[in-house]
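Participant: One structure follows; several queries about it will come next.
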Amino acid sequence: MNSCIMARLGREATQDEFLYDDRWTKEVDNLFIDLLVEAHFSLEWRHGRPGSHVFTYCRRALLAEDKPDFTVSEVEERFDFLQKRFRVFSWMLRKHGLRHCVQSNVLTAPVAVWDDIFQSDPFSVAYQHFGDPRWPDIRYLFTEVYDASANPPDVLDQISTNADYVAALNEQSYVFELSSLTNDPLLNGSIGTNVHQPRCARERQDSSEGSVNTHTHVSIQRRGSRTPMRIPRPPRKPAPSSCKGSSSDPPT
């Protein structure tokens, strides 16, 4: 893992190299996160760690999308990895001197801050340039759902250049964006013996709905007679037009 620290000094490792692999692609990962959100809103996953039937459902749904045949254990491991992404990135956002531009998802900090971050947690190199690509969704899953019975601390960056926008998000109970409604890469999973098999494959929209939130609901359309699931979303206030001055480096 020490080689991760050198990534910023030597060859620039891409974020995708840290988050995905040849089988669990970005598209698989995005669909997996969408399925977890869907499991919550269909009341299959209410709080805490999802049951094995949820992971089985995710596995079968991924197979229905012609994704690799993952085992239930592999799907569970990917859930644990999502939790690791949440833990590391939320910790980074609390670091003094680091700023996160919500609009561009770019992170900036003085060199000394970066050095401290990389030495403290080598996996943080995955976020050496950009924040987690599914951060709103992951944060929602691990605060509003996973820790629903607890009172989790605020993990958003308090010195973000989009502080007003972040504050508005904090006031909402549904803080997530289905940013993966574009065609990005994915994984596989499975469900318990008493769980219904997915009725049909999942239709994915080509446009990124998460970038312009003008509707209060998102429809996840599936082929067949099943009514599309409507996931409630909070109204979104206009964000600043740019992240000028987002760098936390001291002025020269």
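Participant: For residue 112, only one of the following conditions fails: (1) closer than 25 Å to residue 26 by Cβ; (2) assigned to a helix (DSSP H, G or I). What is its number?
Facilitator: (1)
Participant: Before we move on, is residue 73 among the polar types (S, T, N, Q) and assigned to a helix (DSSP H, G or I)? So that I can check it myself, show each step before the final result.
Facilitator: Numbers: among the polar types (S, T, N, Q): yes; assigned to a helix (DSSP H, G or I): yes.
Answer is yes for this residue.
Participant: Do the conditions hold for residue 126, that is, is it in contact with a Pro (Cβ under 9 Å, 6 or more places away or on another chain) and of a type in the set (A, V, I, L, M)? Spell out the reasoning first.
Facilitator: On the way: in contact with a Pro (Cβ under 9 Å, 6 or more places away or on another chain): no; of a type in the set (A, V, I, L, M): yes.
Considered against the rule, which asks whether it is in contact with a Pro (Cβ under 9 Å, 6 or more places away or on another chain) and of a type in the set (A, V, I, L, M), residue 126 comes out as no.
Participant: Identify, please: which residue in segment 20-48 is among the aliphatic types (A, V, I, L, M) and part of a helix (DSSP H, G or I) and is, among those, nearest to the chain's Cα centre (by Cα)?
Facilitator: In this case the residue turns out to be 33.
Participant: Out of segment 60-110, which residues are among the acidic types (Asp, Glu), more than 16 Å from residue 50 (Cα to Cα) and exposed (fewer than 15 other Cβ atoms within 10 Å of the Cβ)?
Facilitator: Result: 66, 69.
Participant: Okay, next question. Can you go through 80, 137 and tell me which one is closer than 22 Å to residue 18 by Cα, in contact (Cβ under 8 Å) with a residue 40 or more places away in the chain and either within 17 Å of the chain's Cα centre (by Cα) or not in a helix (DSSP H, G or I) (or both)?
Facilitator: When all the criteria are applied, what remains is 137.
Let's see how each residue does on (1) among the aliphatic types (A, V, I, L, M); (2) in contact with a helix residue (DSSP H, G or I) (Cβ under 9 Å, 6 or more places away or on another chain):
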| residue | (1), (2) |
| --- | --- |
| 24 | no, yes |
| 39 | yes, yes |
| 46 | no, yes |
| 55 | no, yes |
| 62 | yes, yes |
| 66 | no, no |
| 101 | no, no |
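Participant: Of all residues in segment 1-24, which are modelled with pLDDT of 70 or more and either under 15 Å from residue 85 (Cβ atoms) or not basic (Lys, Arg) (or both)?
Facilitator: Residues satisfying the conditions are 12, 13, 14, 15, 16, 17, 18, 19, 20, 21, 22, 24.
The values are calculated or read from the model by the stated rules, or taken from the named source; none is laboratory data. What you are looking at is a predicted structure, and each value in this text was computed from that prediction instead of being measured. Please note: Cβ atoms are built from the backbone with ideal geometry, for glycine as well, and neighbour counts cover all protein chains shown.
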